[in-house]
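Okay, so here's the structure we're looking at.
The values are calculated or read from the model by the stated rules, or taken from the named source; none is laboratory data. In this text, all values refer to a predicted model and were calculated from it rather than measured experimentally. Note that we place each Cβ from the backbone using ideal geometry, even for glycine, and neighbour counts take in every protein chain shown.
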Amino acid sequence: MKFTHLHVHSQYSLLDGLPKIDELLKYVKENDMDSVALTDHGVLYGAVEFYKKAKKAGVKPIIGCEFYTAFEKMSQKRPNIDNKRYHLILLAKNEEGYKNLVKLVTKAHLDGFYYKPRIDEELLFQHSKGLICSTACLQGKIPRLIISNKLDQAEKTALKYKEVFGKDNFYLELQKHSNIPEQEKVNDFLIKLSKKHNIPLIATNDVHYLKPEDAEAQDILMLINTGASPNNPERLTMLEDDFSLKTPKQMIEDFKETPEAIENTQKVAEMCNFEFQLGKIKLPHYQVPNGKTPDQELKAICEKELEEKKKQFKDESITKQRLEYELDVIEKTNFASYFLIVADFVNWAKKQKIVVGPGRGSVGGSLVSYLAGITNIDPLKHSLLFERFLAIQEKFYITKKDFGIHD
């Protein structure tokens, strides 16, 4: 029987997770696992590094995140109330799921941050497509309700999540931490919920370090994180149990009474097939008006501005020749959309009276940038070369006349 860890923290769970990506993947391979998830706390810092290195190592990468969910609303920041929060695991099944992960992480930091980046259920349910959700550790909402004996509320919450995420996309997460009294109580009720409402189970170990002997090193990180004294018996620590990357054999033994929880980890791993498209330029969509192409729109903007500013140019024919040349290079390099996007936000900033510089570096050599309002520098007046900014090898103008440069 195969097993995949779906709740794993790396060094990108800052001052909480111990494993480095290389060490994590090496240990996964050594223990005959062919897939693993990365679910760092509240962030996706390690996603690209993890993906690239996992692919190289022959391990299937599953991109995820352990989110902090607000006690009530992410907009609320009440002392001694909203500093409490729940945990929730989300895994990307596909590109839509990854995009929703990014949206949720972004909103958590920009709008919901209070001690930690937080989301709430309203936002979560708006961005649930393409995601697999599990109830997380004992800090998850449903486990906390069970611990508090609010069993009806826990059941209703589970059913709501099942409805939102859909069949096979929501899982009740079992963990085996025998030294934590609440764990057995939570597991027992989750198993009952699973049988009653046909909600699948998964087995995880909330990995924060690789080997049991690494527990002390991870605990030092926690001390730095919380600023607590090592002698404080009430401090946050994981020393009470094993939070290592257990072998498949260990996990199968731990969950021998619920083998479906092991089997379902492979089912989830097979469903998660998101692939990064690395090395490709991806620009935001720019809505070009009146059915024009980006090149036609950029040309129209430049020609209109050139007509309005023609008195400042010494030689109209040389100026038009230079503009045609630049537009030709931009078309051949497929950069018209990029120019339009930059022009859009630069000109918007200027209208809002936000300070914008006159232009940085070699972009000052572009007549198109000047006419589009991106820069405030006339490259012909200052004898600046467009080739220093953008060039294609098969067409390379080098004469002063061609560039409109005057002695």
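Brief remarks on what is shown
- Selection status of Thr375, within 18 Å of Phe386 (Cα to Cα), hydroxyl-bearing (Ser, Thr, Tyr) and outside any helix (DSSP H, G or I): yes
- Condition met for Lys280 (in contact (Cβ under 8 Å) with a residue 24 or more places away in the chain and within 30 Å of Ser369 (Cα to Cα)): no
- Lys53, sole failed condition from (1) more than 29 Å from Ile224 (Cβ to Cβ); (2) basic (Lys, Arg); (3) in contact with a helix residue (DSSP H, G or I) (Cβ under 7 Å, 6 or more places away or on another chain): (1)
- Annotation: of all residues in segment 1-39 being part of a helix (DSSP H, G or I) and in contact (Cβ under 8 Å) with a residue 40 or more places away in the chain, the one that is surrounded by the most Cβ atoms within 10 Å (Cβ to Cβ) is Leu24.
- Residues satisfying the stated conditions in segment 257-281, i.e. modelled with pLDDT of 95 or more and more than 12 Å from Leu174 (Cβ to Cβ): Glu263, Gln266, Lys267, Val268, Ala269, Glu270, Met271, Cys272, Asn273, Phe274, Glu275, Phe276
- Hey, Leu25 touching a Leu at 6+ places or on another chain (Cβ under 6 Å) and assigned by TED's automatic domain parsing to the domain that holds His127 or not: no
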